[in-house]
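The values are calculated or read from the model by the stated rules, or taken from the named source; none is laboratory data. Quantities reported herein were computed from a predicted structural model and do not represent experimental measurements. Backbone-built Cβ (ideal geometry, glycine too); neighbour counts: all protein chains shown.
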Amino acid sequence: MNKKPFVDCHCHLEEKDYPDLGEVLQRMEKAGVACVASGRNREQNERVLRLKRSGVKAAVGISPHDAQGVDLEDELAWLEVNVNEACAIGEIGLDYHHFHSQEERGKQGEVFEAMLGFAEKTGKPAIIHSRKAEGEVLEALDSFNCRAVLHCFLVPQLIERVLEAGHGISLPTLKNKSRVKLIKRLPLNKILCETDSPFLWTGRNEPANVVSVYDEVARVKGVELSEVRDLVGSNAEELFGGF
Ligand SMILES: [Zn+2]
């Protein structure tokens, strides 16, 4: 087996956060990391497609934070034209932590289902945000035939349901007890790792830091880091294609 990269399967590389993006990508490459940069709205979807290069793949979609006021027909038309350039549909999903009104959640649901339908139609995997709406997200996924990666999913109580449905879980750079529980209970072929850069770190996160998640998986599972890298790298390549 060729040496795989440490894949950061979910990060955001927005201009406002990374005026020094060239250096960030250099550190990433030096650490042996490759990443999937996620868009979330039209502007960021266009940006990730421009950022695409060896070691950087792009995901396009409308996130729950960007769902309000979106013209779905228009966005779907754009996605249709550009989707071949992307390896996944993301970031999409539901967020009930930040959004409380029925109206907001209704619009999120409408956009999320449209994105899942689009993922199903194109055969691309979906990268999914499910904060405080994990049950609702799993329920919505049951109605679609698409491969899903649940990003920063830290709900060990729902793990059986996730595995039964065949979804992957992306473990974040956040250190906590739920992450340890998930690592213990997830088979290595269902694990992916992410930074969600620039978030989930003390200070600004960046893709190179994803190696810390692989270290933790190796420690908890009691296997070699290189083995975790190769297996998780294979999971990522199966979903997103080669890096
Ligand atoms: Zn994200």
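Tabulated values for the structure
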{"item": "Region 1-14 - residue that is within 16 Å of the ligand (Cβ to nearest atom) and in a loop (DSSP other than H, G, I, E, B) and, of those, farthest from Gly233 (Cα to Cα)", "result": "Glu14"}
{"item": "Criterion: within 16 Å of the ligand (Cβ to nearest atom), more than 25 Å from Lys121 (Cα to Cα), buried (at least 23 other Cβ atoms within 10 Å of the Cβ) and at pLDDT 95 or above - qualifying residue of Val232, Val210", "result": "Val210"}
{"item": "Residue among Gly135, Gly241, Gly203 that alone is more than 16 Å from the ligand (Cβ to nearest atom), closer than 25 Å to Glu14 by Cα and in contact (Cβ under 8 Å) with a residue 12 or more places away in the chain", "result": "Gly241"}
{"item": "Answer from Glu91, Glu85 - the residue that is closer than 29 Å to Pro207 by Cα, in contact with a His (Cβ under 8 Å, 6 or more places away or on another chain) and of a type in the set (Asp, Glu)", "result": "Glu91"}
{"item": "Residue check, Asn82 without any contact (Cβ under 8 Å) to a residue 40 or more places away in the chain and within 14 Å of the ligand (Cβ to nearest atom)", "result": "no"}
{"item": "Some residue of region 65-74 being of a type in the set (Gly, Ala, Ser) and either in contact with a Phe, Trp or Tyr (Cβ under 7 Å, 6 or more places away or on another chain) or free of Cβ contacts under 8 Å to residues at least 40 places away in the same chain (or both)", "result": "yes"}
{"item": "Evaluation of Leu25 against (1) outside any loop (DSSP other than H, G, I, E, B); (2) within 13 Å of the ligand (Cβ to nearest atom) (one fails), failing number", "result": "(2)"}
{"item": "Subset of region 96-140 (residues that are of a type in the set (D, E, K, R) and in contact with a His (Cβ under 6 Å, 6 or more places away or on another chain))", "result": "Arg131, Lys132"}
